[in-house]
1. What is the distance in Å between the Cα centres of the stretch 119-149 and the stretch 59-116?
2. Which semi-axes, in whole Å and largest first, does the equivalent ellipsoid of the stretch 1-130 have when worked out from the alpha carbon gyration tensor as the square roots of 5 times its eigenvalues?
3. Could you pull out the GluC sites (Glu not before Pro) across the stretch 11-119 that fall in loop regions by DSSP (anything but H, G, I, E, B) with no more than 15 other Cβ atoms inside 10 Å?
4. Return P(r) of the stretch 102-188 (all Cα-Cα pairs; 10 Å bins starting at 0; whole %; ordered from short to long distances).
5. Can you list the aspartates and glutamates whose alpha carbon is less than 16 Å from that of residue 92, not counting same-chain residues fewer than 8 positions off?
6. Comparing 276, 22, 285, which has the greatest mean-square fluctuation in the GNM of the chain with Cα pairs linked when under 10 Å apart?
7. Roughly what % of DSSP beta bridges within the chain run antiparallel, to the nearest 5?
8. Just need log10 I(q)/I(0) for the chain at q = 0.06, 0.11, 0.13, 0.14 Å⁻¹, Debye formula, equal scatterers on the alpha-carbon atoms, no solvent, rounded to two decimals.
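Since every read-out is calculated from the coordinates, none of them should be taken as a lab result. Computed from a predicted model, the values in this text were never measured in an experiment. When we count neighbours, we look across all protein chains shown, and the Cβ atoms used for this are built from the backbone with ideal geometry, even at glycine.
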Amino acid sequence: MTQGKVAIIGAGLSGLTLALALHKQSIPCSIYESRTASLDIGGAVMLSPNALRILDSLEIYEKIKLDGYHFKDLHFRTAVPLDSYEFGNREKYGYDGLRIFRHKLIDALLTATKERGIQIQYDKKFIQVLSETETEVSWEFEDGTTGQAACLIGADGIRSRVRKYLYPQLEPVFTNAVGVSAAVPTAQLNLPASFEIPVTIMNPQHGAFVIAPQLADGSEAFIGKQKRAPELDRAGWAALLEDKQWCVDFLRQGAEDFPEVVQNAVSNIPLDKVNLWPFYVVPKLKDWTSKHSRVVILGDAAHAIPPTAGQGINQAFEDVYTFAVIFHRCRPQELERGLKIWQQGRQERVDRILELNAQIDARRMPRAPGSTQLEIETKPFDLSWLYSPDFDEMAKNWLNQAVDG
């Protein structure tokens, strides 16, 4: 049963996908974005079968599948192959993994929202919730205008302003890790015939060096390493990124201790392809919804997680899709209970992702600072729980359990 119009703060991947999921359930919505135009940033995301199934149901997958690089496994190795982690498998799950540039995916989502008549208002910076009742919420924008809707959704990322309504003092937590990356021609790697990518190459002194092909034909390769670092403010991170030579030097540091392919990878790094990003997480939150369930946070706003298993955006897509199913099926008086069971179900899956992250980290990082031993666990991961669900049925089952309980 439709609850009324939904307002979405944020026109990134989560917000746009949420709008399409709500439209599929015949729920009217509008999107508000603080930027003056659509988000157009570099970098790629890795989409696994759980997210691709959702995008397929929203008629997006067919529009993007030729724009990205398809693959099955993430490999782990030192000088020799050690292990692999399945990121997709068409035969088992219906989809291989897909690495696609963020702007390509955003363009496809924007086209779909336009085709469906979903309104996006730009240059609308959310400031604060003004009031909330059992049936609606009102809020204010920086330009002094206000809005009202049956529900306000914060799909505005790890530094969510909507989250401030639920948790005024909460700030994202820095993990003391920074990712430094670049992109180089894949041909530059001079890959041996038996060398499989995407790959995480592990070294007990230097951690992990990641190589992942991108572009539809795999002709470009992402390369990256992580570094432990103290926290900086935004200006500090920006200044560090401006020091492109520092980034290049870090990527080259210790290359001689890795297989030759790493030395080839860092031999010529275009400065305009260098990037740096600090890793932040959001502590586990008691509630993703407000007192009357008229304000909701999801995606990175609710549970930003480390990128180890490549599940950040994939879990956000699970959030938005299952939210739309439950929002549609709940009568107004059932909404609070319905969203509580939605959060419980989603949190259980996020917790399992965090467990998976820990297992993967244990395979690719030294056991302790200064350790010279790299103990490798090679027991296969069982990922059917992650890649196989029918999310319509999952959300319906959550609601049925709530009624039975």
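1. Using only Cα atoms, the two centres lie 35 Å from each other.
2. Details: eigenvalues 210, 59, 34 Å².
Over the Cα atoms of the stretch 1-130, the semi-axes work out to 32, 17, 13 Å.
3. Sparse-neighbourhood loop GluC sites (Glu not before Pro): 59.
4. Taking every Cα pair in the stretch 102-188, the percentages come to 12, 30, 30, 19, 6, 2.
5. Once the sequence-local aspartates and glutamates are set aside, what remains near residue 92 is 73, 382, 390.
6. Result: 285 has the largest fluctuation of those listed.
7. Close to 75 percent.
8. Here log10 of I(q) over I(0) equals -0.25, -0.83, -1.14, -1.30.
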